[in-house]
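Here's the structure we're looking at; comments come further down.
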Amino acid sequence: MINHNLAEIKTYLAENNISAYRLITNTQTFLPVTVDIYQDNAVIHVFEQIEPAIIAELEQGLKTILQVNAFFYKNRSKDTLNIPESPAKNIIQEEYGNNFIINLSDYLDTGLFLDHRETRKWIADQSQNKTILNTFAYSGSFTVFAAKAGALKTFSVDISKVYCEWIKENLALNNLPLENNWVYKMDSLEFFQYAKRKKLIFDIIIIDPPTFSKNKGKSFSIQKDHPRLINGALEVLSPSGFILFSSNYRDFRMADKDLLPCLVTERYNTVPPDFEGTQPHRCFIINKP
Ligand SMILES: C[S@@+](CC[C@H](N)C(=O)[O-])C[C@H]1O[C@@H](n2cnc3c(N)ncnc32)[C@H](O)[C@@H]1O
């Protein structure tokens, strides 16, 4: 399977100098794992208990074919699984000329959502001399792409102190000064109100939220709350600007009738070849009429 999957994406990886990619997606019932490669490291998400012999065979294949020398296991099941211990490790990962701190060991996610690689590149292509707002910014990967591509100013918003620090570290790693790349530890919905009061206007607003989240007892759900988010963003969007809205919620339905006047277009070419056929996310571009 490793050789087969690699053959499908080899040219894409080589032509774009990509060293962080998805190799195996959990679609095979006999191998309930997803494998992401970060240089010579493999992050293995395990969805059900698998035989130690199968894990050993998978590791051996990754070592031989891809020279992987460190393995990081993530339990994606609700049950306790018997999976190997993972060592603590951070690395620097390059993607299209941008650098990111990747935490391979501590969380389920590493700091870079690989399925949005081409979306980040596309945002970079639109960002020169633009003012960018990145909400639900996580480790700030969209922000770094935009800022390195010549954005005038960037604003990154995340509710988590830990992730706000991660954004700052990624900005510093890419020699991007905090003077024109602001980081706000704030609820994204509240930030839209703040921006409106401060008369801030953005050319590009990125909204890529989780499906659900909880903050101070208030719960957020993308299906229920996306009209509030999009309407909040429309109020601080420049007349010629656009919102990139993305969701990985499989049953997501855009509630067009609850939106302020705008034009919504689904963008279909953001899924990279290593995620083909898996529908990892959906992207929408939203403009003012
Ligand atoms: C799915 S990740 C977002 C991925 C990110 N857009 C990217 O491409 O890397 C979820 C992030 O949303 C943040 N978050 C959750 N609820 C939030 C809220 N109400 N306001 C701001 N950030 C929030 C979390 O702290 C986390 O960093």
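No value in this document is a laboratory result; all are computed from the given coordinates. Since the model is a prediction, treat every value here as computed from it, not as a measurement. Don't worry about glycine lacking a Cβ; one is built from the backbone with ideal geometry, like all the others, and counts go over all protein chains shown.
A few remarks follow.
- Scoring 30-43, 257-270, 144-157 by mean Cβ neighbours within 10 Å over their residues and listing the highest first yields 144-157, 30-43, 257-270.
- Scaled against 2.2 N^0.38 Å for its residue count N, the alpha carbon radius of gyration of the stretch 29-170 is 1.19.
- Of all DSSP bridge pairs formed entirely within the stretch 109-287, close to 45 percent run antiparallel.
- Take every pair of alpha-carbon atoms less than 8 Å apart whose residues are at least six positions apart; their mean separation over the length of the chain yields a relative contact order of 13 percent.
- Ratio Rg/Rh, restricted to the stretch 4-47 and using Cα atoms, in which Rh is the Kirkwood radius: 1.00
- Mean Cβ count within 10 Å, highest first, over the residues of peptides 230-242, 76-88: 230-242, 76-88
- Semi-axis lengths, Å, the stretch 2-87, gyration tensor of Cα atoms, sqrt of 5 times eigenvalues: 23, 13, 12
- Length gained when the stretch residue 107-residue 263 is fully extended (0.36 nm per residue, less Cα-Cα span): 52.5 nm
- Both radii come from the Cα set of the stretch 136-214: Rg as radius of gyration, Rh as Kirkwood radius; their ratio Rg/Rh reads 0.94.
- Convex hull volume per residue in cubic angstrom - Cα atoms of the stretch 204-289: 108 Å³
- FRET efficiency estimate (nearest 0.05) - Cβ-Cβ, residue 51 to residue 152, R0 45 angstrom: 0.25
- When the square roots of the Cα gyration tensor eigenvalues are ordered a ≥ b ≥ c, the ratio a/c for the chain is 1.5 or more and a/b exceeds b/c, which makes its shape prolate.
- Per-residue [θ]222 nm for the chain (sum of -39500 (n - 2.57) over DSSP H runs n ≥ 4, rounded to 500): -9000 deg cm²/dmol
- Sorting the segments 3-9, 276-282 by their mean number of nearby beta carbons within 10 angstrom, highest to lowest, gives 276-282, 3-9.
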